[in-house]
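One structure below.
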Amino acid sequence: MAHSATTPGLRPFLPADAAPLAALFRASIETLAADDYDDDQREAWASAADDEAAFAARLASGLTIIALVNGAIAGFASLKDNRLFDMLYVRPDLAGQGVGSALAEAIEKLAGARGAKKLTVDASDAARDFFAARGYVAQQRNTVTIAGQWLGNTTMTKELAAPAAGRPH
Ligand SMILES: CC(C)(COP(=O)(O)OP(=O)(O)OC[C@H]1O[C@@H](n2cnc3c(N)ncnc32)[C@H](O)[C@@H]1OP(=O)(O)O)[C@@H](O)C(=O)NCCC(=O)NCCS
């Protein structure tokens, strides 16, 4: 699996993105979370995008950014209330190429620039090592019920560096 790092383009979410993002969300969970959650658990998790209007409203209510590789949507991330890393999903065929990192970095910078001191994520077991490598520290283990299935995740937090400001000493 020799992957080279990709530097995706980034842009804000637009209402027309809702349908492709719902498909990407589903594909990402089905493929990239398969080592950590069984078929029924992944189906329940992915069903959050079945109601496309509700999914679109969730994307629009936060700060949602889209990653583009060769002009196509490669992943997306969403920040809620300037403190909660609500969603981060990468297209399965582009996993491991730096798309998730580029999105996470952008969300952290945007949150920091808007005054956030700390970000919190309820990290899936498929993403826990990814977030740990970015400096997120596990706080507590959770078990949540989604569509009748029990899924484990881990609340993790990261202290954000203060945005560069002021004079050098
Ligand atoms: C987690 C996820 C967003 C990572 O996206 P990605 O584009 O593959 O991540 P990157 O390529 O930027 O990886 C960055 C680093 O994390 C590592 N990494 C990525 N996914 C990993 C995983 N599942 N386990 C361990 N390490 C992982 C990579 O090896 C890479 O390390 P390196 O820089 O030393 O090479 C993606 O796998 C995904 O969409 N997963 C399914 C959905 C999900 O669980 N989302 C999170 C909900 S909280």
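A few points about this structure:
- Screening the range 63-92 for residues that are open to solvent by 30 Å² or more (accessible area, probe 1.4 Å) and assigned to a strand (DSSP E or B) and picking the one that is nearest to the ligand (Cβ to nearest atom) gives L88.
- Scanning the range 93-142 for residues that are more than 17 Å from T7 (Cβ to Cβ), of a type outside the set (A, V, I, L, M), open to solvent by 50 Å² or more (accessible area, probe 1.4 Å) and in a helix (DSSP H, G or I) yields a total of 4.
- Residue, farthest from the ligand (Cβ to nearest atom), within the range 123-162, restricted to residues that are closer than 14 Å to D36 by Cβ and of a type in the set (D, E, K, R): R141
- Complete set of residues in the range 47-62 that are part of a helix (DSSP H, G or I) and charged (D, E, K, R): E52, R58
- Residue pairs meeting the criteria (Cβ under 8 Å; at least 6 apart or on separate chains; first of a type in the set (K, R) and modelled with pLDDT of 95 or more, in the range 117-134; second assigned to a loop (DSSP other than H, G, I, E, B) and open to solvent by less than 80 Å² (accessible area, probe 1.4 Å)): K117/L160; K118/L160
- Counting only residues that are under 14 Å from T6 (Cα atoms) and of a type in the set (S, T, N, Q), the range 80-92 holds 0 of them.
The values are calculated or read from the model by the stated rules, or taken from the named source; none is laboratory data. Remember, predicted model here, so these are calculated numbers, not experimental data. All Cβ positions, glycine included, derive from the backbone under ideal geometry; neighbour counts span all protein chains shown. Areas reflect the complete protein model, heavy atoms only, side chains present, ligands, DNA and RNA absent. Shrake-Rupley method; radii C 1.70, N 1.55, O 1.52, S 1.80 Å.
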